[in-house]
Each structure stands twice: as structure tokens, then as C-alpha cells.
Amino acid sequence: MKNLFLSAAIVLGSLTSFASTSPIKNTIVKTISIEDEYTEIKLEELPAPIAESLKKAYPDAVITKAYKNEKSEYKLDVTVGDKVGNLFANADGTWIKK
């Protein structure tokens, strides 16, 4: 009789472990990168206030390329010594953090 109860408990216990389901999660991650389209312009087309602001902030800086977007924001490829980087400015020469 003990064997019957023990066998029944084992069988019922094993059936309940198979009956449990674990939740399945499908996680979809979408990455959207919004980047303003800049078009390259000649260095002569760069507004004077931007050049003046650059000379005040970085006297040794050299502008290698300049770009402009539809919002009249300017992206500058700048070299200072052996460092190369990008700066962003409005047409009035104020710097933009991006």
C-alpha cells in the first residue's frame, strides 16, 4: 500500500512539472537614427560670425570642411594640432551641442 501511494505521488508530481509552462517573450527592439542631412559647402560660403567664434574659442583651429543643413545649421570638420573633430554652429556663430 505504501508503494502504491509513493508511486502515485511520484507520477502526479512528475505530471505537474511537465504541465507548467514558462512564458515566452518576443522582444523586438527598433532603433531609429534621425540624422540631419548636411551638404558640403565651400569654405568661402561659411558665415563670418562662425569663423570669428571659432577663432575666439580655438585660435589654432583650421577648418578642413564645412557642411550646411536645411535648418541653416553648420557642421565644421576642424583640426587643432593633431586632433580632428566636428563642431556644430548656427549661422550667428553660437555653438550647438549634438
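Things worth noting here:
- Positions within the stretch 77-98 being over 22 Å from the mean Cα position of the chain (by Cα) and not in a strand (DSSP E or B), in sequence order: G81, D82, A91, D92, G93, T94
- Any hit, the stretch 18-33, residues being open to solvent by 100 Å² or more (accessible area, probe 1.4 Å), within 30 Å of the chain's Cα centre (by Cα) and modelled with pLDDT of 90 or more: no
- For N3, the conditions (1) loosely packed, with under 14 Cβ neighbours inside 10 Å; (2) modelled with pLDDT of 90 or more all hold with the exception of (2).
- The number of residues in the stretch 63-84 being under 16 Å from Y38 (Cα atoms) and of a type in the set (G, A, S) comes to 2.
- Of the set (1) out of contact with any Phe, Trp or Tyr (no Cβ under 7 Å at 6 or more places or on another chain); (2) open to solvent by 90 Å² or more (accessible area, probe 1.4 Å), all apply to T79 but (2).
The values are calculated or read from the model by the stated rules, or taken from the named source; none is laboratory data. Note that this is a predicted model, so its numbers are computed, not measured. Note: ideal-geometry Cβ built from the backbone for every residue, glycine included; neighbour counts use all protein chains shown. Remember, those area values only see protein heavy atoms, side chains included, never the ligands or the DNA or RNA. Shrake-Rupley method; radii C 1.70, N 1.55, O 1.52, S 1.80 Å.
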